[in-house]
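We did not get these values from a lab; they are worked out from the coordinates using the rules stated. A quick note: this is a predicted structure, and the numbers were derived from the prediction, not measured. In this analysis, Cβ positions are derived from the backbone assuming ideal geometry, glycine residues included, and neighbour counts consider all displayed protein chains.
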Amino acid sequence: MLGPVLLAAARSDSIRRIVSAAPVTRTVVDRYIAGERLDDAVATVDALTGRGLEVTLDHLGEGITDPTEALRNRDAYLALSEALARQGLGVRAEMSVKLSAFGQALPGGHDLALANVTPVVEAAAEAGTTVTLDMEDHTTTDSTLAILRDLRKRFPQTGAVLQSYLFRTEDDCRDLAGEGSRVRLVKGAYNEPASVAFQNKREVDKAYVRCLRTLMAGSGYPMIGSHDPRMVVIGQELARRSGRKLDEYEFQMLYGIRDAEQDRLVAEGHRMRVYVPYGTDWYGYFMRRLAERPANLTFFLRSLATRD
């Protein structure tokens, strides 16, 4: 029941100030955020790829309110592309972007986001890597998928994220299961209404399996975004039934969550990509991680109570 409360808190400036000022916050945030500077992120990439993992990097900055912020986010990703090119990381380190960070929610946001993200996708291609468009709340889904279609005309490797808790996602999976399509399937982390999304965990899980079955049976490249042990096992079985080789799909998990499982999958020969966020605008991401994992919230509140 705390999940919706925490997701609402993620949008509160007053709660943001309280949480940001708490001394213990930094300790918890460091578990999930790879630092605030580009150099911090690159160092984290070096460490993860040294363990045989792959990464996708997210420069935090969603939900901006001014076009100049969208330009700053664009420029941050351009700098990231240059850094990845210098490191020669290629597809071992791709990038994930939230279109709200590029102005999608502003007036004329669809065209603005497309204009801002296009040079990032171009720079990624020049660096030998690619971009995946993160999915946000359901009101942005149509715009995000339309931008994906535009980008894929020139850059067919551009990836998408679909969320199984939305009723529409099974149809979206069928649409995106074609040749060359890269799709990260997740359960979803936004507080969506019952009119558009499953509210029961069991129903979300069942929808995830149905969606993953569609993607595995297609000719695209499925990316299994889940920390759920059952979904990992089901993903392996669906890949086996579909006759997929180990390099024809991958697992994805968040930085700081289930590290041992990430290493185990690599040791078994699977492609395992870690979602690595970095940057100063970490608050919304941090609150969603607390909403997803009650144990994290318990640790955080206990630390607040005993910090003296």
Checklist outcome for this item: Once both label points are put 7 Å beyond Cα along the C-beta direction, the residue 246-residue 85 separation in nm becomes 3.3
Item to check | For region 203-216, 3J(HN,Hα) per residue [Karplus equation, 6.51 cos²θ - 1.76 cosθ + 1.60, θ = phi - 60°, Hz, x = Gly/Pro] | outcome: 5, 4, 5, 4, 5, 4, 5, 4, 5, 5, 4, 4, 5, 5
Checklist entry - What net charge do the residues around residue 140 carry, taking every other residue with its C-beta under 11 Å from that of residue 140, with Lys and Arg at +1 and Asp and Glu at -1? => result -4
Checklist outcome for this item: Per the 1/(1 + (r/R0)^6) rule, R0 = 35 Å and r from the Cβ atoms of residue 111 and residue 233, FRET efficiency to 0.05 is 0.20
Next on the checklist: Taking θ = phi - 60°, what integer Hz values does the Karplus form 6.51 cos²θ - 1.76 cosθ + 1.60 yield along region 233-248, in sequence order, with x for Gly and Pro?
Outcome noted: 5, 5, x, 5, 5, 5, 5, 5, 5, 7, x, 7, 7, 5, 9, 9
Next on the checklist: Under the rule of at least 5 residues apart or a separate chain, name every residue whose amide H is placed under 5 Å from the amide H of residue 161.
Outcome noted: 133, 135, 184
Next on the checklist: Could you give each residue of region 54-64 its phi-based ³J(HN,Hα) in whole Hz, using Karplus coefficients 6.51, -1.76, 1.60 with θ = phi - 60°, and x for Gly or Pro?
Outcome noted: 10, 9, 10, 9, 10, 7, 5, x, 6, x, 6
Checklist entry - Between residue 203 and residue 40, 0.36 nm times their residue separation minus their Cα-Cα distance comes to what? => result 54.8 nm
Item to check | Nonlocal amide H pairs with residue 252, under 5 Å, H built at 1.01 Å | outcome: 224, 225, 226, 273
Next on the checklist: When a/c reaches 1.5 or more, the comparison of a/b and b/c decides; with that in mind, is region 168-245 rounded, prolate or oblate per its Cα gyration tensor?
Outcome noted: oblate
